[in-house]
Amino acid sequence: MEQEVIKLSVLQELFKNKHQYKVQEVSGHIGVPANHWDGVQGEYNETFIFYKHPELPEGVFMRETYHTDSYGEGKALISVEFVKGKEKTVTVFEPI
């Protein structure tokens, strides 16, 4: 596995101005139903937020993972990771 180098100055800029580099927000695990009173203790909803600074290596993004409480409320930062984006091909079957 190849190693990527990220300058500390780039990290500082990214953390200081995250809103400027946000590229996507995606829902992950959904464990709390819309009617949160039917929820199960210990469940959570998960959100991933991706950031891309122009000086990060090619295809590298910073990903923050947030979880809600078992009522689907509040958001707690669970992890910050650097991830590599990969393209996927999706086939959609439509009526002729």
> If Ser27 satisfies every condition in (1) surrounded by 10 or more Cβ atoms within 10 Å (Cβ to Cβ); (2) in a strand (DSSP E or B) but one, which is the exception?
Replying inline: (1)
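Mind telling me which of the residues Glu87, Glu13, Glu73 ends up being among the acidic types (Asp, Glu) and surrounded by 11 or more Cβ atoms within 10 Å (Cβ to Cβ)? Talk me through it step by step, then tell me what you get.
Numbers: Glu87 fails: surrounded by 11 or more Cβ atoms within 10 Å (Cβ to Cβ); Glu73 fails: surrounded by 11 or more Cβ atoms within 10 Å (Cβ to Cβ).
From the options Glu87, Glu13, Glu73, the qualifying one is Glu13.
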> Name the pairs: first residue in the stretch 51-64 and closer than 10 Å to Val10 by Cβ and among the acidic types (Asp, Glu), second residue modelled with pLDDT under 95 and not in a loop (DSSP other than H, G, I, E, B), Cβ to Cβ under 6 Å, at least 6 apart or on different chains?
Replying inline: Glu55/Val10
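State yes or no: is Glu4 in contact with a Pro (Cβ under 8 Å, 6 or more places away or on another chain) and part of a loop (DSSP other than H, G, I, E, B)? Give the derivation first.
Values: in contact with a Pro (Cβ under 8 Å, 6 or more places away or on another chain): yes; part of a loop (DSSP other than H, G, I, E, B): yes.
Here the answer is yes, as Glu4 does meet what is asked.
Tally the residues that are aromatic (Phe, Trp, Tyr), in contact (Cβ under 8 Å) with a residue 24 or more places away in the chain and under 20 Å from Ile30 (Cβ atoms), restricting the search to the stretch 65-94.
At the first step, the residues of the stretch 65-94 found to be aromatic (Phe, Trp, Tyr) are 66, 71, 82, 93.
Right, trim to in contact (Cβ under 8 Å) with a residue 24 or more places away in the chain and you get 71, 82.
From what is left, the residues that are under 20 Å from Ile30 (Cβ atoms) are 71.
Final tally of qualifying residues: 1.
The values are calculated or read from the model by the stated rules, or taken from the named source; none is laboratory data. Computed from a predicted structure; not experimentally measured. Using ideal geometry, Cβ is built from the backbone for each residue, glycine included, and neighbour counts are taken over all protein chains shown.
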